[in-house]
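A quick write-up on the structure given underneath.
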Amino acid sequence: MPVVVTKGPVGRSIAEFRNTFDKNTIVPAKIKAALKALGPNGWEYELQFVRLAGLNQADLGNFRDMFADFIVPLKDRRAWAGSKKTAIELKGML
């Protein structure tokens, strides 16, 4: 049976593992993608935002504080704005 000789390392990278399994990488990336999808002037209620991001409420809740500048607290729920500028503008309307 012939021996296969390869040049360089074999196997997958740590970055690939992180992007596949590490919630500290995956969840913020999904939130950022959802914010980008909202656009700079868009906003959405949190329930719809969590669906847009492809997350569950628990995961979003664990990382919500990292994105506090994009959140508009309402009387009985939250809204997410696509940009910090839009969030400030929405907060000014309350």
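Here, each number is a calculation from the coordinates, and none is a lab measurement. Treat the numbers as computed from the prediction; the structure is a model and nothing was measured. Because the Cβ atoms are built from the backbone with ideal geometry, glycine has one as well, and the counts that use them run over all protein chains shown.
If I ask for residues that are loosely packed, with under 12 Cβ neighbours inside 10 Å and out of contact with any helix residue (DSSP H, G or I) (no Cβ under 8 Å at 6 or more places or on another chain), which ones from the stretch 74-94 would you list?
Applying the first criterion (loosely packed, with under 12 Cβ neighbours inside 10 Å) to the stretch 74-94 yields 75-77, 92-94.
Passing the criteria: 75, 76, 92, 93, 94.
Residue count for the stretch 1-50 satisfying the condition of being under 30 Å from residue 90 (Cβ atoms), of a type in the set (S, T, N, Q) and not in a loop (DSSP other than H, G, I, E, B): 3. Considering only residues in the stretch 30-63 that are surrounded by 16 or more Cβ atoms within 10 Å (Cβ to Cβ) and charged (D, E, K, R), the one that is farthest from the chain's Cα centre (by Cα) turns out to be 44. Every condition in (1) over 12 Å from residue 87 (Cβ atoms); (2) touching a residue at least 24 places away in the same chain (Cβ under 8 Å); (3) part of a helix (DSSP H, G or I); (4) in contact with a Phe, Trp or Tyr (Cβ under 9 Å, 6 or more places away or on another chain) is met by residue 67 except one, and the failing one is (1).
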